[in-house]
Amino acid sequence: MVMYYHIFLDSNYYKLDELGLNYLNDFISFFSNDFFFFSIVYAVIINFLLLYLLKLCDRENYILLFIFFTSYFIFYQLNFNIYRQGLAIIISLLGLLLYSKNRLFLLLLFVAILFHKAAILTLVFFILSFIKFRRYYCLIGLFISLIPIPDNIYIFLAEVVGEYIPILKQSLTEYIRVVRVGVIGAASLDQKNIPIIISLLFIYFSKVKINKLQENIFIVYVWGVIFASIFKGNVIIYDRVLLYSQILFPYVLFFILKNIFPSKNKVLYVSLASVQVLITVLIWGPRNFLPDYLFYMF
């Protein structure tokens, strides 16, 4: 977040390809350049949109979903580290899930891409939403996530994507370069993706009928895992694509628990959130060098 504040104060501090954040910063700076004010506005924007996204997923339990989300390491990633991409994906998902009620998808997708070009993947999910969701997609995702993918395959695919989607070419070329010189490596199985991979099995065996909204959620969730796994030889691309599934994971987990344990799903959900807090604080936090935070009384 400190880096975002530097960009807020001086747009030349770090040149962005997308101009959405600069427009947002100009609007905020009209009122104040104070760090506390800046942080509050940033937090209110992304968390309000996240809450609204969860409300679209489940109107009755969205507060519970949001509480669970705060125990999830992705919540802190979105707020402190990958703000632009998180905001872009949340906005584009709102457009996708609202599409059945209006035609604002392309407008919201455009706004999302102004913040981060990774949101263009939502267009692929939009096209897939016209194809009926099949539960065997979960087995495809599970299989691809567990087998090794040769580097030449994902490099070839990344080059093809960059060639046909020019907006992504510069980023993908750089991601491939840093792998070739050994700066970054492949994604590994850890606490960020194992629960998601396991959840694919539960979705596959679920016999509950789903409505169109839920179908669109599962299309993004499952195909997000499939696409991310294809590029797991490059941890940067993998993490950027998997973020779609990670944002939807709290809802998918609640859906699974509600269908397996109809009468105790909320108790189990809160219990898992408690365990997840410990994992986030004791494992993910130290591994990702989370700083000590100072809490100010005001």
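Details
- Applying a DSSP loop filter and a limit of 13 other Cβ atoms within 10 Å to the trypsin sites (Lys or Arg not before Pro) in the range 247-277 leaves LYS264.
- Under 18 Å from the Cα of LYS212 - lysines, other chains or at least 8 residues apart: LYS55, LYS101, LYS132
- Interchain or long-range residues, amide H under 5 Å from SER206's placed H: none
- Of the chymotrypsin sites (Phe, Trp or Tyr not before Pro) in the range 1-72, those whose Cβ has at most 15 other Cβ within 10 Å and which sit in DSSP loop: TYR13, TYR14, PHE30, PHE31
- Across the range 41-53, coupling constants 3J(HN,Hα) worked out from phi with the 6.51/-1.76/1.60 Karplus curve, θ = phi - 60°, read 5, 4, 5, 4, 4, 6, 6, 5, 5, 5, 4, 5, 4 Hz, and Gly and Pro carry x.
- Hits among lysines - C-alpha to C-alpha of LYS169 under 16 Å, sequence gap 8 or more where chains match: LYS117
- Within the range 63-122, trypsin sites (Lys or Arg not before Pro) in DSSP loop having at most 11 other beta-carbon neighbours inside 10 Å: LYS101, ARG103
- Vicinal HN-Hα couplings computed from phi for the range 234-241 (Karplus, 6.51 cos²θ - 1.76 cosθ + 1.60; Hz; Gly/Pro x): 10, 4, 5, 5, 4, 5, 5, 7
- Selection from LEU248, SER171, LEU16 lying farthest towards where the dipole of the chain points positive, charges on Cβ: LEU248
- Taking θ as phi - 60° and the Karplus parameters 6.51, -1.76 and 1.60, the scalar couplings of the range 242-248 work out to 5, 4, 4, 5, 5, 5, 8 Hz in sequence order, x denoting glycine and proline.
- Under 5 Å, built H, 5+ apart or other chain: amide partners of ILE184: VAL179
- About its Cα centre, the chain has a charge dipole of approximately 1160 debye under the convention of +1 per Lys or Arg Cβ and -1 per Asp or Glu Cβ, with nothing else charged.
- The alpha carbons of the range 2-287 stretch over 53, 45, 44 Å along the principal axes, in descending order.
Bear in mind that the values in this text are calculations on the coordinates, not laboratory data. Worth saying up front: this structure is predicted, and the values here are computed from it rather than measured. Using ideal geometry, Cβ is built from the backbone for each residue, glycine included, and neighbour counts are taken over all protein chains shown.
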